[in-house]
Amino acid sequence: MKETPLSNCERRFLLRAIEERKRLDGRQTYDYRSIKISFGTDYGCCIVELGKTRVLGQVSCELVSPKLNRATEGILFFNLELSQMAAPAFEPGRQSDLLVKLNRLLERCLRNSKCIDTESLCVVAGEKVWQIRVDLHLLNHDGNIIDAASIAAIVALCHFRRPDVSVQGDEVTLYTPEERDPVPLSIHHMPICVSFAFFQQGTFLLVDPSEREERVMDGLLVIAVNKHREICTIQSSGGIMLLNEQVLRCSKIAGVKVAEITELIQKALENDQKVRKEGGKFGFAESIAKQRITAFKMEEAPVDTSDVEEKAEEILAEAEPPPDIVSKPVLWTPGTAQIGEGVENSWGDLEDSEKEDEDEGGDDEAIIFKGVRMDVGVEVSNTGSQEAPIVLSDSEEEETIILEPDKNPKKIRTQTISAKQETAPSKTATKKRKKKRTAN
């Protein structure tokens, strides 16, 4: 992943602001950015916004054969994708080190913590189990991807409903949502990751770092905790040395933040379930604010039309009366006209450049026509003299005329044809005289 490097001025400015306990977006040291959760029309689809960082979560299920060593447990699969739509620094078609690290951290946070009852996903032991796949797509990158991805994954899993299944002997019947209500997943707890950024070898600490703060940080500590303050996983990167007191303080801060986020998730799930039961409108389109351009919705404003006639009469009374004189159209050239006073219409007039071209073209035509007539005159005079020998040639060099793009080819052709017609009798007369001489 190739990132645009920060300049030295930006780096010094960010570090100086952190030393003074200030952040670019106005937050305090331990403040989280605003979190917004919106659900799609289908179960298991959600978008989580952590500030400007946006992650789309989608859960799907499929009946597959279980693993050999775990014949009575379902399968959980997590996949996070970083596309160039989120940030131009992400390279398509290859897995970067950041992507591998985030996927492993998500698996440890959600799968290894046993937050989902995988045994409830078994349909027939050793033959059929449910495979739950969680796909996460990063829509916009503004820092702290792991926190937004963990929230989107757990929210999508809580919102998902799998089809109901019945087993009779060896037959497995899968019911559609119209036949039977889908079944939610069995979730024991909701682990959520909280990130801590350290600066100047652990001297300064920030919660929920932004994209620019991540570029100048020295190390990162990620702690996954549930609302019961049970640590599910912990990971430190950056190669900095942390004291026990710093890790304990971060774990306490993470417990408080996770409790607030869990309460927000539960409220969002309850509101969505309530809207679906009441038959109201739900989905991503309904979650967009109406003031935005992309909403295509505006509140209707009442218009008072009681005194429209009175206002119209007042406007007409105050306005100046129209002039009685009606201007007549002025015809400058055929096909154009002008009404009233204004600039003269020059559509019918030729431009100076066109006039010059026409004049030049007329002179050239006159010269060519004159040359043709002169050639004809010479030939006629030669035929008139009986004593001078007459030489006939089959070549058409004397009658060749060079056509230029500014000339009218029709006029030239008529002139050349007339010239040939004039020379035709002279040629026949000379042939007769030659025959007489040979006879004599």
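Descriptive notes on the structure:
- Residues within segment 171-189 that are over 20 Å from residue 156 (Cα atoms) and over 39 Å from the mean Cα position of the chain (by Cα), tallied: 7
- Within segment 60-75, at least one residue is open to solvent by 80 Å² or more (accessible area, probe 1.4 Å), among the hydrophobic types (A, V, I, L, M, F, W, C) and either more than 22 Å from residue 140 (Cα to Cα) or out of contact with any strand residue (DSSP E or B) (no Cβ under 6 Å at 6 or more places or on another chain) (or both).
- Qualifying residue in segment 284-297 (condition: within 23 Å of residue 187 (Cβ to Cβ), of a type in the set (A, V, I, L, M) and either at pLDDT 90 or above or touching a helix residue (DSSP H, G or I) at 6+ places or on another chain (Cβ under 6 Å) (or both)): no
- Being out of contact with any strand residue (DSSP E or B) (no Cβ under 6 Å at 6 or more places or on another chain), closer than 28 Å to residue 199 by Cα and either of a type outside the set (S, T, N, Q) or not in a loop (DSSP other than H, G, I, E, B) (or both) is a description that applies to residue 10.
- Summed over segment 162-215, residues that are open to solvent by 60 Å² or more (accessible area, probe 1.4 Å), assigned to a loop (DSSP other than H, G, I, E, B) and within 30 Å of residue 228 (Cα to Cα) total 2.
- For segment 1-33, a tally of residues being under 28 Å from residue 56 (Cα atoms) and open to solvent by less than 90 Å² (accessible area, probe 1.4 Å) returns 10.
- Candidates in segment 101-147 are the residues that are part of a strand (DSSP E or B) and closer than 26 Å to residue 227 by Cα; of these, the one that is most open to solvent (accessible area, probe 1.4 Å) is 133.
- Restricting the first member to segment 55-81 and to residues that are over 14 Å from residue 44 (Cβ atoms) and hydroxyl-bearing (Ser, Thr, Tyr), and the second to residues that are open to solvent by 70 Å² or more (accessible area, probe 1.4 Å) and not in a loop (DSSP other than H, G, I, E, B), the beta-carbon pairs closer than 7 Å and six or more apart or on different chains are 72/119.
- Count of residues meeting criterion [at pLDDT below 90 and farther than 22 Å from residue 73 by Cβ] in segment 143-172: 4
The values are calculated or read from the model by the stated rules, or taken from the named source; none is laboratory data. As the structure is a computational prediction, the values presented were derived from the model and not from experiment. All Cβ positions, even for glycine, are placed from backbone atoms using ideal geometry, and neighbour counts span all protein chains on display. Remember, those area values only see protein heavy atoms, side chains included, never the ligands or the DNA or RNA. Shrake-Rupley method; radii C 1.70, N 1.55, O 1.52, S 1.80 Å.
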